[in-house]
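Participant: Let me begin by handing over the structure; questions about it come next.
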Amino acid sequence: EAERLKTLKKAEFEKLKAQVFGDSTYEDKLKALGAMAGLGTEKAVELLGTLYDNPLAEASQAKERQLIVNLLGEIGSPACAPTVLKAARNPGKDGGIRRAAAKALWKTMGKQALSHLKKLTEDTVEEVRNEAWLELLKVRDMGAMRHIFKELEGKEKLTALQMIKDAHFTEAAKDVAKLAKETDFSKGPNEKILKLKALEVALDLGHKDSAAIAIELIGAISKEQAEVLEVKPPIELLEEYTREGLGSDKKKLQQWWGGKGKDTPLFSSYLDATELKGIGTAFVNVIKEGPKIRTQGFEGTLKIKVVYIEKSPVALASVKPDGSVRVYTRAELELLRVEYVTVDRVISNGARAFVTFSIGFPRVLLPLEFLLQDKSWHPAESDRDGKKDQ
């Protein structure tokens with residue numbers, strides 16, 4: 001199959017290359033470059049590097065170079081680093097290319113990007129400086145996190161919170177919880193959004209005492225208001241991170257917190273490698289066995305012989321317990337034309353875990369529950385044999 005994919009990629013690359021240098025419109029040429037980046041091959045990286053130095057359209061070279069740097073960041077290969085570093089030194093006054101480079105440095109260089117990002121925090125253009133500070137969160141830089149919380153406002157602060165969550169930046173949990181506690185919910189919609197987002201991230205990072213903040217906010221915002229602001233209401237956050245089915249009675253929630261609540265472990269998407277591999281192996285075995293599954297939104301028999309987990313920020317994508325799980329990009333999956341499983345999220349409290357996944361298209365998210373028994377993970381009986389709904 002690896003040889004088949006290699007052959008398919010080679011043919012697709014030549015097809016896209018002909019489009020880039022053929023009679024297509026300029027916009028179609030750029031779309032072809034995007035598709036080429038999805039292949040992630042050495043030839044694609046080489047061609048993108050060449051086009052950075054020699055743009056297709058001289059009049060649009062800044063826009064084109066910015067696109068190329070973004071695409072190299074998506075590929076994320078160390079082979080992309082020389083061009084990305086070149087972009088980080090681009091002298092353009094508006095800083096657009098340097099900002100794109102800031103976003104691509106970590107993806108292509110990992111921890112080696114640290115010194116280059118710190119240099120960009122001193123850039124003459126504010127947008128470049130802010131982007132570099134945000135990217136430093138990926139290396140768990142506490143100084144960057146505190147600078148952002150103190151100096152940046154609005155959109156950048158919200159972006160920082162999401163990046164802290166995506167990076168599982170657990171060292172930042174106390175600072176994030178402090179932000180959630182100190183933000184004045186009554187000031188206006190922006191403060192409501194910031195407080196609830198900080199609360200979500202603090203809970204996701206395992207900051208237990210933040211549950212008390214969520215309980216105090218019960219009734220302060222309706223589900224409809226939260227939807228308008230595009231945030232999760234407090235009751236939804238509590239259910240997501242406790243899975244206790246506590247309802248929305250504030251008095252009962254306070255009683256729960258004053259009793260066993262403080263000792264109840266929170267669910268988190270931050271899992272160590274051993275736990276993740278255990279849950280991942282159990283999940284793969286369930287899918288491979290093709291059992292009858294009854295769960296919310298789905299009832300039937302899964303008949304997928306090979307599980308493909310698409311390359312994504314989801315950590316489970318790196319689990320390869322027996323070689324049956326492979327990490328492919330969406331472009332590769334489309335080339336192979338196979339039915340595959342996409343894992344959207346894995347969350348666990350050390351004793352129970354939920355894997356949310358979807359099967360091909362149309363995309364319907366399905367949850368499966370797993371329990372830790374005798375030091376190994378097993379699917380909950382309700383998911384495995386259809387005895388009851390999850």
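Participant: If you average 1/r over every pair of different alpha-carbon atoms in the chain and take one over that average, what Kirkwood value in Å do you get?
Facilitator: Radius from the Kirkwood sum: 23.4 Å.
Participant: At Ala11 and Ser222, where each label point lies 7 Å from the Cα along Cα→Cβ, what is the point-to-point distance in nanometres?
Facilitator: Here the modelled spin labels are 5.7 nm apart.
Participant: I would also like to ask the following. Keeping all protein chains in place and using 1.4 angstrom, which order do Lys157, Lys192 fall into by accessible surface area, from largest down?
Facilitator: Highest to lowest solvent-accessible surface, that is Lys192, Lys157.
Participant: Only bridges with both residues in the chain count here: give the DSSP antiparallel percent, nearest 5.
Facilitator: Beta bridges within the chain, antiparallel portion: roughly 80 percent.
Participant: Name all residues of region 38-60 having a backbone nitrogen under 14 Å from the label point set 7 Å from the Cα of Asp94 along its Cα→Cβ direction, giving them as ranges.
Facilitator: Only 59-60 pass the distance filter.
Participant: If packing is taken as the mean number of other Cβ atoms within 10 Å per residue, what is the order of 232-243, 82-93, 37-48, highest first?
Facilitator: Result, highest mean Cβ count within 10 Å first: 232-243, 37-48, 82-93.
Participant: Just Ile221, Ile193, Ile148 to compare: in a GNM of the chain, with alpha carbon springs under 10 Å, which one fluctuates most?
Facilitator: Most flexible of the set in this elastic network: Ile221.
Participant: Send over a whole-number figure in Å² for the accessible area per residue of region 134-249, probe 1.4 Å.
Facilitator: The answer is 46 Å² per residue.
Participant: May I ask you to give the solvent-accessible area per residue for region 82-125, in square angstrom, as obtained with a 1.4 angstrom probe?
Facilitator: 56 Å²
Participant: A follow-up question, please. What share of Cα pairs, in percent, lie more than 19 angstrom apart in region 190-273?
Facilitator: Counting pairs separated by more than 19 Å, the tail of P(r) holds 33 percent.
Participant: Describe numerically, in nm with one decimal, the distance between label points set 7 Å from Cα along Cα→Cβ at Asp184 and at Asp166.
Facilitator: Each label point lies 7 Å from its Cα, and together they span 3.2 nm.
Participant: What value, in deg cm²/dmol to 500, does the helix sum -39500 (n - 2.57) over DSSP H runs of n ≥ 4 give at 222 nm once divided by the residues of the chain?
Facilitator: It comes out at -16000 deg cm²/dmol, rounded to the nearest 500.
Participant: For the chain, give the percent of accessible area contributed by carbon and sulfur heavy atoms, probe 1.4 Å, rounded to a whole number.
Facilitator: The computed percentage sits at 50.
Participant: Using a Debye calculation, one point per C-alpha and no hydration shell, please list log10 I(q)/I(0) for region 48-147 at q = 0.14, 0.17 Å⁻¹ in order.
Facilitator: -0.46, -0.67
Participant: From Cα pairs below 8 angstrom and at least 6 apart in sequence, can you work out the relative contact order of the chain, rounded to a whole percent?
Facilitator: 9 percent
Participant: How much accessible area does Phe267 have with a 1.4 Å probe, in Å² rounded to the nearest 10?
Facilitator: Only protein atoms counted, so the area is about 0 Å².
Participant: Still on this model: Which whole-number percent is the relative contact order of region 156-259 (Cα, under 8 Å, 6+ apart)?
Facilitator: 23 percent
Participant: Taking 35 Å as R0, compute the FRET efficiency from the Cβ-Cβ separation of Ser248 and Asp23 and round it to 0.05.
Facilitator: With R0 = 35 Å, the Cβ-Cβ based efficiency is 0.05.
Participant: May I ask you to list the residues of region 87-121 whose amide nitrogen lies under 15 Å from a point 7 Å from Cα along the Cα→beta-carbon direction of Glu151?
Facilitator: Those under the cut-off are 117-121.
Participant: When only C-alpha pairs under 8 Å and at least 6 residues apart count, what is the relative contact order of region 102-209, in percent?
Facilitator: It rounds to 19 percent for region 102-209.
Participant: Here's another thing I want to ask about it. Rg over Rh of region 37-105, using C-alpha atoms and the Kirkwood radius, what does it come to?
Facilitator: My calculation of the ratio gives 0.93.
Participant: Determine the gain in length on full extension of the stretch Ser60-Asp344; use 0.36 nm per residue of separation and subtract their C-alpha separation, reporting nm with one decimal.
Facilitator: The span from Ser60 to Asp344 would gain 98.5 nm if fully extended.
Participant: While we're here: For helix 96-109, report the angle its Cα long axis makes with the longest principal axis of the Cα atoms of the chain; keep it between 0 and 90° and round to the nearest 10°.
Facilitator: Between helix and principal axis, roughly 70 degrees.
Participant: Let me ask something else about it. When only DSSP loop residues count, what GluC sites (Glu not before Pro) in region 153-221 have their Cβ near at most 11 other Cβ atoms within 10 Å?
Facilitator: Sites meeting the loop and neighbour criteria: Glu153.
Participant: Please list, by residue number, everything in region 248-283 whose backbone N is under 20 Å from a paramagnetic label point 7 Å out along Cα→Cβ of Lys375.
Facilitator: Within reach of a label on Lys375: 272-283.
Participant: I would also like to ask the following. Using only Cα atoms and rounding to the nearest 10 degrees, what angle (0 to 90) does helix 173-182 make with the longest principal axis of the chain?
Facilitator: 70 degrees
Participant: How far apart, in nm, are the 7 Å Cα→Cβ label points at Glu230 and Leu336?
Facilitator: So the label points at Glu230 and Leu336 sit 3.3 nm apart.
The values are calculated or read from the model by the stated rules, or taken from the named source; none is laboratory data. Since the model is a prediction, treat every value here as computed from it, not as a measurement. Every residue, glycine as well, gets a Cβ built from its backbone with ideal geometry; the counts of neighbours run over all protein chains shown. When the accessible area is computed, the model is the full protein with side chains, heavy atoms only, and any ligands, DNA or RNA have been set aside. Shrake-Rupley method; radii C 1.70, N 1.55, O 1.52, S 1.80 Å.
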